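Here the structure comes first, spelled out in structure tokens, and everything after it is commentary.
Coordinate-derived values only; no laboratory data. All of these numbers come straight from a predicted model, not from anything done at the bench. FYI the Cβ positions are ideal-geometry reconstructions off the backbone, even for glycines, and counts take in every protein chain you see.
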Amino acid sequence: MHDFLYRDGKLFCEEIPVDRILDAVGTPAYVYSARTIVEHCRKIREAYAGIEHLVCYSVKANSSRAILRMLRDEGAGFDVVSGGELYRVLQAGGDPRKTIYAGVGKTAEEIRYALDQNILMFNLENPGELEVIDRIARDADKVADLAIRVNPDVDPKTHRYITTGKRETKFGIDLDQAEAVARRLSGYPGVRLIGVHMHIGSQITTVEPYVRAAEKVTAFIGLCRGLGHPVTQLNIGGGFGIFYKDKSARTMQDFSQALLPVVRPTGCRLLMEPGRFIVGNAGVLLTQVLFLKESGDRAFVICDAGMNDLIRPALYEAYHKIWPIQMPLKVQGEPPDEESWTGPSLLADVVGPICESGDFFARDRRIPPVQRGDRLAVFSAGAYGYAMSSNYNSHPRPAEVLVRGDQFALITARESYADLVRNER
Ligand code: LLP
């Protein structure tokens, strides 16, 4: 989070005080650091420098075209899960030959669209997809390249809503069925098996589940090759955890050191689909305090942003640091840990304006005393923030701003009331 630092108590993004940005664009607003995004992308590339690899940024984490364009310029490919995400990638000048299409439920139109664009490959998420992709490819006189998404039945030890590598989840194909698919595949001339994919979950902070899953998946590659499939791509998915509260997540170097000995012997090109690792700590959501309120023994800080802007606390009880952008003490550097804050404080629920009890950013949070008009930063909101935002309660979606050094640019305008009704007939 080293591009969101306090200088004498004032929050900066890179070289700009964030209050200057808010004076221009208002609240709520997402602000991203270009430098953090690029650095995080490079961290992955460095960790895997010893092996041929391709970072396919997971568009779902933050799909703003300005961000996709930056990552394209870094040489990244993309992981998409819908026709809409593929459209965004193409609009941003992304290379379809570096784009992979995952997604549990792809429609025939989406498959056709991706084939027309000559994407790198599809991740086969269920055996029934085989017939559908094969038929569409043959109708188009093409051969679709596939990776089987294996469900390795490994517990990634993360929130149950973002666990995907366990057999009982809807994701991927368990190893027994995957073997059956690999055996059947030669009967489908419209498809070619060139890869194997796994993605066991998100916000994973330990290396051990990756290693166990990768061991199973690499063994499966051997089986596929034995059946004559030209498997050259090994996709280990995304899910690399970041620091939200504490610093317990392992570094990208830790992940690569543990994984490389397992994946290298396959001789495959290594693909990865990180989303959160690249953008999570590259963004903050900025909001303004509307009211302070007490009810019983609880205090509420009511903000102008809510669960419609950032749903992670409501949906996963996710922890995001929250601090005023102007601190009462001359805080320097990283936003402090709640526990280590010794300045004046207030214990409060930080909530939004939405008519739901689940509309909170934090419960029983110790923050400095704030007043109406003060601005707060919700940290680590670059991933699954704006991308999961909605118009619930008919709130226009917030603005998005990208900072580069001492410059900033509005990359997504705040929605207007007219935008809210634009598609209604
Ligand atoms: N690849 C696949 C197949 C995925 O399903 C996902 C995320 C990723 C890559 C990227 O995962 P990442 O590197 O960002 O962890 N909304 C939730 C996270 C949902 C993740 C869904 N799949 C959250 O806010 O925590």
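Antiparallel versus total DSSP beta bridges in segment 199-347: what percent is that, nearest 5? Write down the numbers at each step before the final one.
Details: 6 of 10 bridges.
If we restrict to bridges inside segment 199-347, about 60 percent are antiparallel.
Between residue 390 and residue 411, the FRET efficiency from the beta-carbon distance, with R0 = 25 Å, is close to 0.85.
Roughly what % of DSSP beta bridges within segment 34-277 run antiparallel, to the nearest 5?
Values: 1 of 30 bridges.
That works out to approximately 5 percent antiparallel.
Mean separation of Cα pairs under 8 Å and 6 or more residues apart, divided by the residue count, gives the chain a relative contact order of 21 percent.
Arranged by the count of other C-beta atoms within 10 angstrom, fewest first, what order do 82, 202 take? Present the calculation step by step, with values, prior to reporting the outcome.
Numbers: 82 20, 202 26.
Fewest-to-most ranking of 82, 202: 82, 202.
Taking the charge dipole of segment 34-277 about its Cα centre, with +1 at Lys and Arg Cβ atoms and -1 at Asp and Glu Cβ atoms, the residue from 147, 180, 237 reaching farthest to the positive side is 237.
Cβ crowding within 10 Å, taken as a proxy for footprinting-reagent exposure, orders 78, 408 from fewest neighbours to most as 408, 78. In a reduced charge model with +1 at each Lys and Arg Cβ and -1 at each Asp and Glu Cβ, the chain shows a dipole moment near 560 debye about its Cα centre. Counting other Cβ atoms within 10 Å as a rough exposure proxy, the listed residues 199, 229 run 229, 199 from fewest neighbours to most.
Label-to-label distance, residue 317 versus residue 8, with points set 7 angstrom from Cα along the beta-carbon direction: 4.2 nm.
About its Cα centre, segment 1-41 has a charge dipole of approximately 40 debye under the convention of +1 per Lys or Arg Cβ and -1 per Asp or Glu Cβ, with nothing else charged. For the chain, modelled as a GNM whose springs connect Cα atoms under 10 angstrom apart, the maximal fluctuation among 333, 128, 385 occurs at 128. Contact order for segment 142-214, expressed relative to its length and based on alpha carbon pairs under 8 Å spaced 6+ residues apart, stands at 45 percent. Rounded to the nearest 5, what % of DSSP beta bridges with both residues in the chain are antiparallel? Within the chain, antiparallel bridges account for around 50 percent of the total. Based on C-alpha pairs under 8 angstrom that are at least 6 apart in sequence, segment 34-277 has a relative contact order of 20 percent. The charge dipole of segment 280-425, taken about its Cα centre with unit charges on the Cβ of Lys, Arg, Asp and Glu (plus for the first two, minus for the last two), comes to roughly 260 debye. A straight Cα-to-Cα reach below 16 Å connects residue 247 with the aspartates and glutamates 334, 337, 338, 339, residues fewer than 8 places away in its own chain not being considered. Going down the list 60/98; 142/170; 98/142; 106/142; 157/245; 166/216, which pairs span over 20 Å between their C-alpha atoms? Result: 142/170 exceed 20 Å.
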